[in-house]
Each structure stands twice: as C-alpha cells, then as structure tokens.
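Everything below concerns the one structure shown next.
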Amino acid sequence: MSFPWAQHYEPKAPFMRWLDEKLPLPRFAYNAIGAGYPVPRNLNYMWNFGVLAGFCLVLQIVTGVILAMHYAPNGLVAFDSTEHIMRDVNWGWLMRYAHANGASAFFVVVYMHIFRGLFYGSYKAPREMVWLLGVVIFLLMMATAFMGYVLPWGQMSFWGAKVITGLFGAIPFVGEPLQVWLLGGYAPDNAALNRFFSLHFLLPFVIAGVIILHIWALHIPGSSNPTGVEVKSESDTVGFHPYYTAKDGFGLAVFLILYCAFLFFMPNALGHPDNYIPANPLSTPALIVPEWYFWPYYAILRAFTHDLTIPFTHVVIIEAKLLGVMAMFASILVWFFLPWLDRSPVRSGHYRPLFRKFFWFGLIPCVVVLGYCGGSHAEEPYLMLSQVAAAYYFLHFLVILPLISSFERPEPLPFSITEAVLGSDKKAVLGENTTPAT
C-alpha cells in the first residue's frame, strides 16, 4: 500500500546506511511492519489473529524440527520412538506437547481469522487475492495436520489414515490406484509413514512461502477494517509500529496464557486416548474420529448415507461414499468463489442487518452442530442433524448469500474511518487541529 503521507526509512547510523545500501532488509521490515506501513486506525482485536497465526506457524516449525531429530518413521518403532521422546529425551515431553497443542492453537486462531474475514467481508475487492491465498494456506494446513496425526502410530493414527486415504478409493476409475499410490501399498505401513513424515516436515515451509505471498498481496490494497470503508486521508491511518505492535503484543500475551494453561495443566485434553495404544490392524476402535478441528468436515462426509440413483430405478449414478467426499471438499472449495457470490457493495456485517441475522443465527450454529456431530457416533440423531446442517451450510453460501446481496438494504456507512472513530465532528473528520491557539 502506497500513501503519500507514509513515512520513509532513512537510516542514520553508518552501519545501517551501509546495510540498507547492500541488502535493504531494514527498509523492508520498516515498510512491512514498521511505521512506514500505515494501517486503518479503527482495527479491533479481531485483527490480532493474523499475527497469532504467524506465531503458531513458527512455533510448529521449531518444535517440529526438534521432534524430527528423535522420531523414527518406521511401523515397528514409530510408536516407541514417540514414547522415547516423551520419557527419555531432555525436555522431549515439552516439545511434543507444545507441538500437539500448538496444532490445535493454530487452527483456533486460523478459524477466528476466517470468521473475521467472513463477517467483515475481507474477501471482497480489492482483496480477493488475499482471501484466495488464505484458503490455499488453510488447505495446506489441513493436509499437514492430517499427516502429522498419523505419525505417533497409535490406534487413532492408523485407523484415521486408513479411513481418510480410503476416501480416495471412492473416485471412479482412478480411486484405487490413487489410494495405493498415496499409501505406497494396500494398507498404512512403513511406506505410508515415510511419505507422511517427509511431507509433514516439508509442507510447513510451503505454508510459510504462501504466507509471504499472502502478506505481500495484503500490502498492495492495505488492511481492511471493521467499517469496510477505504482509507481516504492521513487521519484515517496510524503507523503499524508502535500502535499495532503494542496491540498485537497484548493479544500474544493473552494467547500465551491460554496456550500454556493447556500445555502444562491439560496437555491431552484435545487429543484422543486411543492414540496412546499402539497401532493394531486387527483391532478396530469403537469410534474412529479425526482431530477436533476436522469434525465439521467429517460430519459433512458422513451426512451422505444413500446413493444417488435414477428415479424409480435402482441404477446408481453416484455412490454415497463419493457424494460425501465431493461434499467435504466442496465445503472448503466454495470459499474460493465467495468474492463473486456475495455481490453486496457493503463489506462489513455491521452495516448489513439481514446478513447479520443469517450469519449469527444460521451459519454459526450450523458449523457448531456439524462440529458436534462430527465427533459423535455415526448414528441417529447425529446423522439427521449432520444432513440438515450440511444442507444449510451449502444453502448459505450458494443461495442465501447471493440473494441477500441482491435485495438487502444496508445501513448508512460512515463518511470515513476517522468519522467512525471520532464521531461526525467536521474538523475531526478532516483531521484539522481542534486545539485553540495560545
């Protein structure tokens, strides 16, 4: 984002001038996260979650690299090597618990980040590319998390890998060869562990690269804000540093308190006890479920219990299993089309009364129900609830949202960001000095 009033980096110390001339990293940092990057002055704490997501990624990479030094991706010793990390490696228990709970924390802050984007219309022009890259990051996170869940090689790891990779077998013609190619065999074993370990180690660095593109794309139009009104004058902005570095620092402190509460007092609260039992292909767990952050998508997958057939015949067009797989992937892929499905010229949900009602009393309860059903047994009433919630989920994005944007009457927008913060005083809005001369 380029504004004529943005401060420009001018190094004063001789060494910094030399460094800036040869390798302008200080200038890059100053313009990216310093006073040289003007941001809207009305950002609330919902804008903290982007920084928190970056912190979680760094945490996962650091702890993951340390764990990789002691882990053995072999079906005979993978579970034992995990226990070795927990019991024999100095501070190994801390690294493993920090990594496992860090994955949950990562998804919490990313879900909050997505929630903010959905409510405040951050996916709309001119920030479509920022949103699209964010969805790519989320898909990479899901792949990374699934492969990491397999590595401890407990009961839930083995059967989770078998069930999830088995979904690819539902694809016509190429499904079974694709499943064998993914696993390196006909069932999860050494080949699958080696492949998943390699990809689990590699993908976080791919995520980091896409995040750089995500931030780069953000700096072109600049940050969105709770009003959805674009920046009009210098009075609408403040420097990212020190205003939002301090605000993000406070948010990080609150996050670390909650994270450490889980890490030190209930480190297994978000895991599954069956994963402390070594993998056994001959013993199926009573309830096979993925990690909690996959539950809504797992519920959509299981919501399809009947084949799609030609009416009044028994000719199957699409099997129920394939329908579930298609719906599960479509539940995320639909986000790619949000900038064009929601055609309302108003971005923020604060000024869209009808949108707010469907968001708070439709979409949010729907996702909560899907999450609850995804962690429950595949039986009634959970299957019926999953079917109703899944139907509403797709209706919201494909039908309700386009209809709302066509006939909704938004509330009046403030003239500027400054007016939204300081009120409608003319001098305050125009940034004029209101202090009497002395």
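Structure values in brief
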read-out	value
Residue list for the stretch 311-323, filter: in contact (Cβ under 8 Å) with a residue 40 or more places away in the chain and assigned to a helix (DSSP H, G or I)	Lys321, Leu322
Pair list, Cβ under 9 Å, 6 or more apart: the stretch 185-213 residue outside any helix (DSSP H, G or I), other residue among the charged types (D, E, K, R) and modelled with pLDDT under 95	Ala187/Lys162; Pro188/Lys162
Qualifying position, being under 22 Å from the mean Cα position of the chain (by Cα), surrounded by 19 or more Cβ atoms within 10 Å (Cβ to Cβ), at pLDDT 90 or above and among the β-branched types (Val, Ile, Thr), among Val346, Val334, Val325	Val325
Criterion: touching a residue at least 40 places away in the same chain (Cβ under 8 Å), small (Gly, Ala, Ser) and not in a helix (DSSP H, G or I) - qualifying residue of Gly75, Gly54, Gly102	Gly75
Residue satisfying condition, being under 27 Å from the mean Cα position of the chain (by Cα), crowded, with 16+ Cβ neighbours inside 10 Å, modelled with pLDDT of 85 or more and assigned to a helix (DSSP H, G or I), within set Leu59, Leu43	Leu59
Residue satisfying condition, being free of Cβ contacts under 8 Å to residues at least 12 places away in the same chain and under 30 Å from Ile33 (Cα atoms), within set Gly249, Gly239	Gly249
Residue ID - farthest from Ser283 (Cα to Cα), chosen from residues in the stretch 147-163 that are hydrophobic (A, V, I, L, M, F, W, C) and crowded, with 19+ Cβ neighbours inside 10 Å	Met147
Qualifying residue in the stretch 260-278 (condition: in contact (Cβ under 8 Å) with a residue 60 or more places away in the chain, part of a helix (DSSP H, G or I) and under 27 Å from Gly324 (Cβ atoms))	yes
Counted residues, the stretch 401-418 - those being surrounded by fewer than 17 Cβ atoms within 10 Å (Cβ to Cβ) and assigned to a helix (DSSP H, G or I)	4
Looking only at the stretch 226-249, and only at residues there that are in a loop (DSSP other than H, G, I, E, B) and among the polar types (S, T, N, Q), the one that is nearest to Phe115 (Cα to Cα)	Thr227
All positions within the stretch 158-184 that are assigned to a loop (DSSP other than H, G, I, E, B), free of Cβ contacts under 8 Å to residues at least 12 places away in the same chain and either aliphatic (A, V, I, L, M) or within 19 Å of Ala72 (Cα to Cα) (or both)	Val174, Gly184
Residues being of a type outside the set (Phe, Trp, Tyr) and farther than 19 Å from Thr82 by Cβ - total across the stretch 129-161	13
Of all residues in the stretch 185-243 being among the small types (Gly, Ala, Ser) and under 30 Å from Leu413 (Cβ atoms), the one that is surrounded by the most Cβ atoms within 10 Å (Cβ to Cβ)	Ser224
Residues satisfying the stated conditions in the stretch 89-143, i.e. under 19 Å from Leu270 (Cα atoms) and hydroxyl-bearing (Ser, Thr, Tyr)	Tyr97, Ser104, Tyr111
Matching option when the condition is closer than 30 Å to Leu218 by Cα and either out of contact with any Phe, Trp or Tyr (no Cβ under 9 Å at 6 or more places or on another chain) or of a type in the set (D, E, K, R) (or both), among Lys247, Lys321	Lys247
Pick from the stretch 9-34, criterion part of a loop (DSSP other than H, G, I, E, B) and modelled with pLDDT of 75 or more, ranking: nearest to Lys247 (Cα to Cα)	Tyr9
Meets criteria (surrounded by fewer than 18 Cβ atoms within 10 Å (Cβ to Cβ), free of Cβ contacts under 8 Å to residues at least 40 places away in the same chain and not β-branched (Val, Ile, Thr)) for Ala68	no
Residue among Phe407, Phe394, Phe415 that is within 26 Å of the chain's Cα centre (by Cα) and of a type outside the set (Val, Ile, Thr)	Phe394
Residue pairs meeting the criteria (Cβ under 7 Å; at least 6 apart or on separate chains; first over 10 Å from Gln387 (Cα atoms), in the stretch 294-305; second surrounded by fewer than 24 Cβ atoms within 10 Å (Cβ to Cβ) and of a type in the set (S, T, N, Q))	Tyr297/Ser331
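The values are calculated or read from the model by the stated rules, or taken from the named source; none is laboratory data. Small disclaimer: the values here were computed from a predicted structure and weren't measured. Please note: Cβ atoms are built from the backbone with ideal geometry, for glycine as well, and neighbour counts cover all protein chains shown.
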